[in-house]
Amino acid sequence: MPAIEYDSRVHVTRVADRRELAPGVILLGLEAPELVRATRPGQFVMAIPPAGESAATALGIYEAEGTRASLLFFITGKRTHELAELRVGEPLGLIGPLGNGFDLSSVPQRAAIVAGGVGIASVLLAAQALVRSGASVELLYGARTSELLVDAERFGEAGCELVLATDDGSRGRHGFVTELLGERPAPDLILACGPTPMLRAVGAIAAELGVPAQLSLEETFACGVGGCWGCVVPLARSSAQAPSFPPASRGGSDVVFARVCKEGPVFRSDELQW
Ligand SMILES: Cc1cc2nc3c(=O)[nH]c(=O)nc-3n(C[C@H](O)[C@H](O)[C@H](O)COP(=O)(O)OP(=O)(O)OC[C@H]3O[C@@H](n4cnc5c(N)ncnc54)[C@H](O)[C@@H]3O)c2cc1C
Ligand code: FES
């Protein structure tokens with residue numbers, strides 16, 4: 001009988017530790033040595049909720065060191081609620097690492113990482129890699145309230161300068177995190193992850209400053225592995241990330257649709273046509 005071939009990106013991991021960082025915000029540590037070995041900064045997994053009734057959900061890979069990876073998530077609906085019920089020792093199925101991740105092939109002198117809300121979960125590995133390669137890294141981190149500015153100190157420990165903002169002024173600057181970006185000395189590279197309006201604002205400021213920016217998009221995923229074309233964004237046809245067989249383009253123009261889960265989730269801001 002032929003051997004059954006398993007996709008090497010499907011992992012059965014085990015919960016190693018679990019902490020509630022703030023009400024409704026969970027940090028889940030996983031024993032996942034193969035995932036750690038394969039992960040690049042900015043990649044994500046599709047986590048399969050244990051009850052088996054809900055579809056998998058996309059989560060950034062927060063930490064990846066030794067044999068332990070972790071996921072940091074906000075409980076927003078059914079799937080994240082099910083994942084939050086997991087306890088130490090229980091198994092969790094993951095597909096990943098998926099997506100392209102950040103392009104850190106050229107090392108900037110000064111990098112700014114802009115994170116909004118849950119976007120913080122996708123940028124720690126990039127921050128660590130940039131600091132290790134000798135860049136000076138600023139984390140500009142914004143959330144609705146001080147309570148929701150979770151784990152900022154972890155970035156301080158990693159060697160980043162922290163610049164914080166909250167919508168209600170309870171910690172850091174009172175206002176949007178993007179306002180900070182415009183006021184600080186211009187970096188050589190901007191990485192960002194957060195809600196779409198924040199990413200659009202980061203892209204506009206980066207264009208004004210003439211600084212390259214890489215944006216990690218938080219589209220809603222169905223399959224998460226490139227099969228359904230349910231997560232597309234308009235992209236310049238000339239982009240190296242343009243898919244080779246796009247099923248649709250916009251008005252026969254220079255714009256094609258790229259899948260955030262497959263060609264992304266990280267795109268150069270000057271190539272997004274939104
Ligand atoms: C590449 C990628 C990485 C992600 N990484 C993380 C992460 O590390 N941690 C984390 O907490 N979340 C992350 N997300 C978002 C997460 O996948 C969604 O919040 C997920 O839908 C939650 O599932 P649910 O069933 O609990 O909630 P759902 O029932 O799907 O949604 C509940 C609420 O959240 C809103 N929502 C759903 N999907 C998104 C989305 N993609 N972005 C913003 N709002 C959404 C809905 O409008 C609804 O109000 C990521 C998304 C992507 C695409
Ligand atoms: S979610 Fe199916 S192609 Fe991206």
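Observations on the structure shown:
- Evaluating Glu157 against the criteria (1) over 13 Å from Leu139 (Cα atoms); (2) loosely packed, with under 14 Cβ neighbours inside 10 Å; (3) modelled with pLDDT of 95 or more leaves one unmet condition, (1).
- Selection from segment 32-50 of residues that are under 17 Å from Thr76 (Cα atoms) and without any contact (Cβ under 8 Å) to a residue 40 or more places away in the chain: Pro49
- Segment 137-151, residues that are in contact (Cβ under 8 Å) with a residue 24 or more places away in the chain and open to solvent by less than 50 Å² (accessible area, probe 1.4 Å): Val137, Glu138, Leu139, Leu140, Tyr141, Gly142, Ala143, Thr145, Ser146, Leu148, Val150, Asp151
- Qualifying residue in segment 189-200 (condition: within 16 Å of ligand 1 (Cβ to nearest atom) and more than 30 Å from Pro49 (Cβ to Cβ)): yes
- Options Pro23, Pro50, Pro41: the member that is at pLDDT 95 or above and open to solvent by 10 Å² or more (accessible area, probe 1.4 Å): Pro41
- Residue, farthest from the chain's Cα centre (by Cα), within segment 199-221, restricted to residues that are among the aliphatic types (A, V, I, L, M) and either within 16 Å of ligand 2 (Cβ to nearest atom) or part of a loop (DSSP other than H, G, I, E, B) (or both): Val211
- In this structure, Glu85 does not satisfy being away from ligand 1 (no atom under 13 Å from the Cβ) and open to solvent by 10 Å² or more (accessible area, probe 1.4 Å).
The values are calculated or read from the model by the stated rules, or taken from the named source; none is laboratory data. Model, not experiment: these values are computed from the prediction. All Cβ positions, even for glycine, are placed from backbone atoms using ideal geometry, and neighbour counts span all protein chains on display. All accessible areas refer to the heavy atoms of the entire protein, side chains included, with ligands and DNA or RNA removed. Shrake-Rupley method; radii C 1.70, N 1.55, O 1.52, S 1.80 Å.
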